[in-house]
Amino acid sequence: MTQRMGCRETWHCYTAAITFVPSNQRPCGGDVTMQQVTVRVPASTSNLGPGYDCLGVALRLYNRVSVVRGKKLRFSHPIIVSDAAERFFKQTRRRAFSFSCSIAEQVPRCRGLGSSATVRLGVLLGLNRLSGDPLDRFSLFRLCAELEGHPDNAAPACFGGFIVVQSSTSTSFTQGKRGASVTVQRFDVASRLCFVLLVPDLKIETARARNILPSKISRVAAVENCANACALTAAFASWDYGRMRGTFSDNLHQPFRAKLIHFLPRVIAAAERAGALGAFLSGSGSAIAAITLEAPEKIATAMASAASTPARTIITHADNRGAQVLPIRHSPSGIHHQDGPPT
């Protein structure tokens, strides 16, 4: 099955209700909603082959995170939400308040499409808005990247478009040292560029995918990766997308992660034979992404056939807006509806 995602989205989602209450507060009576906000956060594809932990693109595939400020405790909360909340209140030095959080999910989990970043960033942006916006967008990105342990999904989810992140990953994020410098450069992506996603019925935990990587590679392999990442960045920045062809080859992570996703090489080859500019493992997988200027349906069919495993395909485009706090529309009946404009 191939889905086209874009301005008119077909939502197949479910909502998980979760509530955070700070450890120094006890739930009290009442069920009055004090404030609420909904944040739409895009999925992202990262690495793009040679750009390990530094390149990413936001996609028109979204999770929506609704945060409601309140008092009554009704549900337990997962650690991904409580950690984000605790980090936010510690960073802002604001008094913590209890809230509930619901997530309408469109982004597949554990597929290398930035699902965890959408939840963390949605919670951070929601709490920030309910607290009077004490943090700017870049500070919220930094918090999300620290929680993620790497910036290549947090940055496109936050800012949209094609992103280049310059940082020292080991000191800035993995070890949680917030003083380290980090630079983000973003570029709009033209709507004529299509992203074709093969999403297998196979979950890959990021930690497992990172542990399989070697600690050292050869100088020749490193130089080739640098050249490919630079050429790929230049093509995105200049909108000269035809020059992407041949730049997606990688020596840092894909050859090793192919041990977890055995069909990766043949899916990439099938996508390129069908006309794609290139294809690559999305993040740590298991999703595989192809980029093309033409015939996305043909490429999707070729990728699915080559995988020979249960999977779905999604055809979409880049999201140039990043995470958005959706406005509340006021209807004549007095009922509030939250929605946002199409991209």
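Details
Yes or no, residue by residue, for (1) surrounded by 19 or more Cβ atoms within 10 Å (Cβ to Cβ); (2) of a type in the set (Val, Ile, Thr):
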{"site": "Ala58", "(1), (2)": "yes, no"}
{"site": "Thr92", "(1), (2)": "no, yes"}
{"site": "Phe99", "(1), (2)": "yes, no"}
{"site": "Ile103", "(1), (2)": "yes, yes"}
{"site": "Gln106", "(1), (2)": "yes, no"}
{"site": "Leu113", "(1), (2)": "yes, no"}
{"site": "Leu124", "(1), (2)": "yes, no"}
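- Residue within the range 290-307 that is over 27 Å from Ala190 (Cα atoms) and in contact with a Lys or Arg (Cβ under 9 Å, 6 or more places away or on another chain) present: yes
- Cβ separations smaller than 7 Å between residues 6+ apart or across chains give the following pairs from the range 45-65 residues that are within 13 Å of Gln254 (Cβ to Cβ) and in contact (Cβ under 8 Å) with a residue 12 or more places away in the chain to residues that are part of a loop (DSSP other than H, G, I, E, B) and among the acidic types (Asp, Glu): Ser46/Asp152; Asn47/Asp152; Gly49/Asp250; Pro50/Asp250.
- Ala290 in contact with a helix residue (DSSP H, G or I) (Cβ under 8 Å, 6 or more places away or on another chain) and part of a helix (DSSP H, G or I): no
- For the range 276-297, the set of residues classified as in contact with a strand residue (DSSP E or B) (Cβ under 7 Å, 6 or more places away or on another chain) and of a type in the set (Ser, Thr, Tyr) consists of Ser282, Ser286, Thr292, listed by residue number.
- In the condition set (1) farther than 30 Å from Ala229 by Cβ; (2) assigned to a helix (DSSP H, G or I), Pro134 is compliant with all but (2).
- Scanning the range 253-266 for residues that are in contact with a helix residue (DSSP H, G or I) (Cβ under 6 Å, 6 or more places away or on another chain) and closer than 13 Å to Gly283 by Cβ yields a count of 1.
- Answer from Leu281, Leu260 - the residue that is surrounded by fewer than 23 Cβ atoms within 10 Å (Cβ to Cβ) and in contact (Cβ under 8 Å) with a residue 40 or more places away in the chain: Leu260
Conditions (1) of a type in the set (Lys, Arg); (2) in contact with a strand residue (DSSP E or B) (Cβ under 6 Å, 6 or more places away or on another chain); (3) more than 30 Å from Arg137 (Cβ to Cβ), marked per residue:
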| residue | (1), (2), (3) |
| --- | --- |
| Leu193 | no, no, no |
| Val199 | no, yes, no |
| Ile204 | no, no, no |
| Arg208 | yes, no, yes |
| Leu213 | no, no, yes |
| Leu232 | no, no, no |
| Phe256 | no, no, yes |
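- Any chance Phe248 is part of a loop (DSSP other than H, G, I, E, B) and hydrophobic (A, V, I, L, M, F, W, C): yes
- Residue list for the range 187-213, restricted to those being aliphatic (A, V, I, L, M) and without any contact (Cβ under 8 Å) to a residue 12 or more places away in the chain: Ala207
- Evaluation of Phe99 against (1) at pLDDT below 95; (2) on the phi > 0 side of the Ramachandran plot; (3) not polar (S, T, N, Q) (one fails), failing number: (2)
The values are calculated or read from the model by the stated rules, or taken from the named source; none is laboratory data. These numbers come from a predicted model, not from an experiment. When we count neighbours, we look across all protein chains shown, and the Cβ atoms used for this are built from the backbone with ideal geometry, even at glycine.
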